[in-house]
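Data block below; observations after.
The values are calculated or read from the model by the stated rules, or taken from the named source; none is laboratory data. The shown structure was predicted, so the numbers you read here are calculated from the model rather than taken from an experiment. Glycine gets a Cβ as well: all are built from the backbone with ideal geometry, and neighbour counts include every protein chain shown.
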């Protein structure tokens, strides 16, 4: 039985929803995930963000341990 191919939704493909998400929200989300995986507080910085026409983005991610003097 052959798989049926679904038609490509060109409108959906061309609407890059990543552009609607704030950089701060992306950084906070990545920081949260990394912190939960490692068990330490990490911070994230995104640089050189380039949104593609096809619902994607390229960016540089810097993740580093958050330093708090009381720890």
Quick count over the stretch 38-63, residues being within 25 Å of residue 15 (Cβ to Cβ), at pLDDT 95 or above and in contact with a helix residue (DSSP H, G or I) (Cβ under 6 Å, 6 or more places away or on another chain), is 1
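Could you tell me which of the residues 13, 18 is modelled with pLDDT under 95, within 20 Å of residue 59 (Cα to Cα) and surrounded by 13 or more Cβ atoms within 10 Å (Cβ to Cβ)? Give the steps one after another, and end with the answer.
Values: 13 fails: surrounded by 13 or more Cβ atoms within 10 Å (Cβ to Cβ).
Only one candidate qualifies: 18.
Report whether or not residue 12 is more than 12 Å from the chain's Cα centre (by Cα) and in a strand (DSSP E or B).
Working: more than 12 Å from the chain's Cα centre (by Cα): yes; in a strand (DSSP E or B): no.
Here the answer is no, as residue 12 does not meet what is asked.
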Before we move on, is residue 35 touching a strand residue (DSSP E or B) at 6+ places or on another chain (Cβ under 9 Å), surrounded by 10 or more Cβ atoms within 10 Å (Cβ to Cβ) and modelled with pLDDT under 95?
-> no
